[in-house]
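Report on one structure; see the data block that follows.
The values are calculated or read from the model by the stated rules, or taken from the named source; none is laboratory data. Quick caveat: nothing in here was measured; it's all calculated off a predicted structure. Here the Cβ positions follow ideal geometry from the backbone for every residue, glycine too, while neighbour counts run over all protein chains shown. These accessible areas exclude ligands, DNA and RNA; they are computed on the full protein's heavy atoms, side chains included. Shrake-Rupley method; radii C 1.70, N 1.55, O 1.52, S 1.80 Å.
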Amino acid sequence: KLSIRQQYAPAGIIQRVSDTAAIAATLYASQWLVGQPYSEKSLLAILFASFTFMLAGDATGIYRGVRSRKPDGELMSVVATWLFTVLVLACAAFFTRFGDHFARSSILGWIFLASATIGLMRMLLRILFESLTRGGWAVKRCAIAGVNPLGMQLFENIVQDPASGLRLIGFFDDR
């Protein structure tokens, strides 16, 4: 049985690292703003939140690729993924009483700061990846099978969208 294995692109790895950094930085920032000291509980919360966000992100498709969705759709998916993560964290904190170690104001600040920071980092990475693609980096060569109306439409789509990361090398046709 043949199967198609998912290939992890560098962009997806960079996005995961960026998301984890945003989750960590915003928790530390929200704790600092309310005067709450950092502790090993903060690190545990970051690890659990990052793990949950990545699992939920795989389910919502936010790591599928920069070119696979429009910016507003990506932002909505990121916010939905973060809200799901917050819901899981809230349930875990309720049942384990782990939330008692954090000030409510720092948790509330973290919820809003993380969502905004992850979205901002995603848009900055999108701009970076698109500019690299236009500059010739991460470009994939492709060929179109068939010189017919559908093949010509595909050709026009590729030519009109240089940020797609596709470079047409030719057509295949047996006519």
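Find the relative contact order for the chain and round it to a whole percent, using C-alpha pairs within less than 8 Å whose residues are 6+ positions apart.
24
Counting Lys and Arg as +1 and Asp and Glu as -1, each charge on the Cβ, what is the dipole of the chain about the Cα centre in debye, to the nearest 20?
That gives the chain a dipole magnitude of about 240 debye.
In the chain, carbon and sulfur make up what percent of the accessible area (probe 1.4 Å)?
Solvent-exposed carbon and sulfur of the chain make up 67 percent of the total.
Which whole-Hz ³J(HN,Hα) couplings does region 115-132 yield from phi under the Karplus relation 6.51 cos²θ - 1.76 cosθ + 1.60, θ = phi - 60°, glycine and proline marked x?
Karplus values, whole Hz, x for Gly and Pro: 4, 5, 5, 4, x, 5, 5, 4, 5, 5, 5, 4, 4, 4, 5, 5, 5, 5.
Using θ = phi - 60° and the Karplus relation 6.51 cos²θ - 1.76 cosθ + 1.60, list the HN-Hα couplings for region 21-37 in order, rounded to whole Hz, with x at every Gly or Pro.
Coupling constants for region 21-37: 5, 5, 5, 5, 4, 6, 5, 4, 5, 5, 5, 5, 5, 9, x, 8, x Hz.
Tell me the per residue accessible area of region 19-167 using a 1.4 Å probe; a whole number in Å² is fine.
Per-residue accessible area for region 19-167 comes out at 60 Å².
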